[in-house]
1. Within the group 161, 222, 204, 165, which residue is in contact with a helix residue (DSSP H, G or I) (Cβ under 9 Å, 6 or more places away or on another chain) and farther than 20 Å from residue 277 by Cα?
2. When the residues of region 244-257 are filtered to those that are in contact (Cβ under 8 Å) with a residue 24 or more places away in the chain and of a type outside the set (Phe, Trp, Tyr), which remaining residue is surrounded by the most Cβ atoms within 10 Å (Cβ to Cβ)?
3. Within the set of pairs 6+ apart or on separate chains, which have a first residue in region 303-315 that is assigned by TED's automatic domain parsing to the domain that holds residue 284, a second that is modelled with pLDDT under 95 and surrounded by 13 or more Cβ atoms within 10 Å (Cβ to Cβ), and C-beta atoms under 7 Å apart?
4. Mind listing whichever residues of region 284-301 are in a helix (DSSP H, G or I) and surrounded by 13 or more Cβ atoms within 10 Å (Cβ to Cβ)?
5. Is at least one residue of region 138-146 at pLDDT 85 or above and part of a strand (DSSP E or B)?
6. What number of residues in region 192-228 are in a strand (DSSP E or B) and without any contact (Cβ under 8 Å) to a residue 24 or more places away in the chain?
7. From the list 268, 273, which residue is surrounded by 16 or more Cβ atoms within 10 Å (Cβ to Cβ), more than 28 Å from residue 182 (Cα to Cα) and hydroxyl-bearing (Ser, Thr, Tyr)?
8. From (1) surrounded by 17 or more Cβ atoms within 10 Å (Cβ to Cβ); (2) at pLDDT below 85; (3) within 23 Å of residue 228 (Cβ to Cβ), pick out the condition that doesn't hold for residue 134.
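The values are calculated or read from the model by the stated rules, or taken from the named source; none is laboratory data. All values derive from a computational prediction rather than experimental measurement. Positions of Cβ are generated from backbone atoms using ideal geometry, with glycine treated the same way; all protein chains shown enter the neighbour counts.
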Amino acid sequence: MSPKDFAGDKKYYRVLKILNLLNEKGKVRMSDLALEFNVTERSIQRDIERINMTFGLEQTDKGEYAFAPGVSLKEMRLSGEQMSALIFMHEMFKGMGGVFSGSFEALLHRMTKSAPWESPYAIIMPRPGKNLDIKKFIPSVETAILECRRISINYIRRGETVLRTLSPLKILVDNGFYYILSMAEKKGEYLKYRLDNISSLELTPQIFTPPANIEKIIKDATSVWGAMPAKDRKILMRLKISPSASDFFRKKEFFPLQRIIKEDRDGSVILESSLAQLMEAIPTILNWIPDIEVLSPETLKAEIRSRVELYLKKIK
């Protein structure tokens, strides 16, 4: 997989910002954008191509672009369904924090002349804390991912700062936290680094070759713990869900590759899942106690028992 092919990922943050600039200033110049975002002009060219495919642009000068005649976000007429979809997306972006939320909210207001609170939707999900400042690193990580460049970071782990060189593949967002999914030194293994634990980050000139199956690494994950290749899903988990909770587990995939293998007359169900590591399941199981019972594996039963007993000792 070449860097050119890998650079096809959507650049939500930068594309939204360029759309806002086009709407405010009328024109944008590639060299100015490259300087502002600290990326190559080729990266900006890819963003321009994406915007052109959706909205329509014209080249007004060498390296300069504007909306095509008749195209304007301010005058865009949207159907009720389209407006609802945009507002729904805004609610989702809020859960991803200020990096995305601020730009999307401004774009939403210009396109719809509506305030987000007018939405018929209200999505409840964890959001980044007010002191979670990761904005300064996002553009550099995005550039590294798109251009297949290694990054050097100072990473705070258990109170100590360690130097790491990463080959970043994706920015993962889970429960309001941002993670960098990186290739490990050993082929086929992957590591996650929380962005808010990075104290400094620098792009390096070193180029790496990403795996061709990045989608397969994360497609079955239901949390950041599960961003692992399918071959690593060797833990077979079975749970018994009580009648009062079974309806939720029938209708939502709480665990990777989740499937109902048995339904009892009393309404309880036996659920099966394939895990890469126990932490894919532990938080959810603890959250659903006492309506959930671990049947297997024994290692998971022991871990849940240990955590519950530790908690009970603390509240005596």
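1. Values: 161 fails: in contact with a helix residue (DSSP H, G or I) (Cβ under 9 Å, 6 or more places away or on another chain); 222 fails: farther than 20 Å from residue 277 by Cα; 165 fails: in contact with a helix residue (DSSP H, G or I) (Cβ under 9 Å, 6 or more places away or on another chain).
The unique qualifying residue is 204.
2. First, pick out the residues of region 244-257 that are in contact (Cβ under 8 Å) with a residue 24 or more places away in the chain: 244-245, 253-257.
Subsequent filtering for residues that are of a type outside the set (Phe, Trp, Tyr) retains 244-245, 253, 256-257.
Working: 244: 11, 245: 16, 253: 12, 256: 22, 257: 15.
Among them, the one singled out is 256.
3. none
4. Scanning region 284-301 gives 284, 285, 286, 288, 300, 301.
5. Scanning region 138-146 turns up no residue that is at pLDDT 85 or above and part of a strand (DSSP E or B).
6. Just the residues of region 192-228 that are in a strand (DSSP E or B), to begin with: 192-194, 198-207.
After this cut, where a residue has to be without any contact (Cβ under 8 Å) to a residue 24 or more places away in the chain as well, the list is 194.
Going through region 192-228 one residue at a time, the tally reaches 1.
7. Values: 273 fails: more than 28 Å from residue 182 (Cα to Cα).
Sole residue among the options that is surrounded by 16 or more Cβ atoms within 10 Å (Cβ to Cβ), more than 28 Å from residue 182 (Cα to Cα) and hydroxyl-bearing (Ser, Thr, Tyr): 268.
8. (3)
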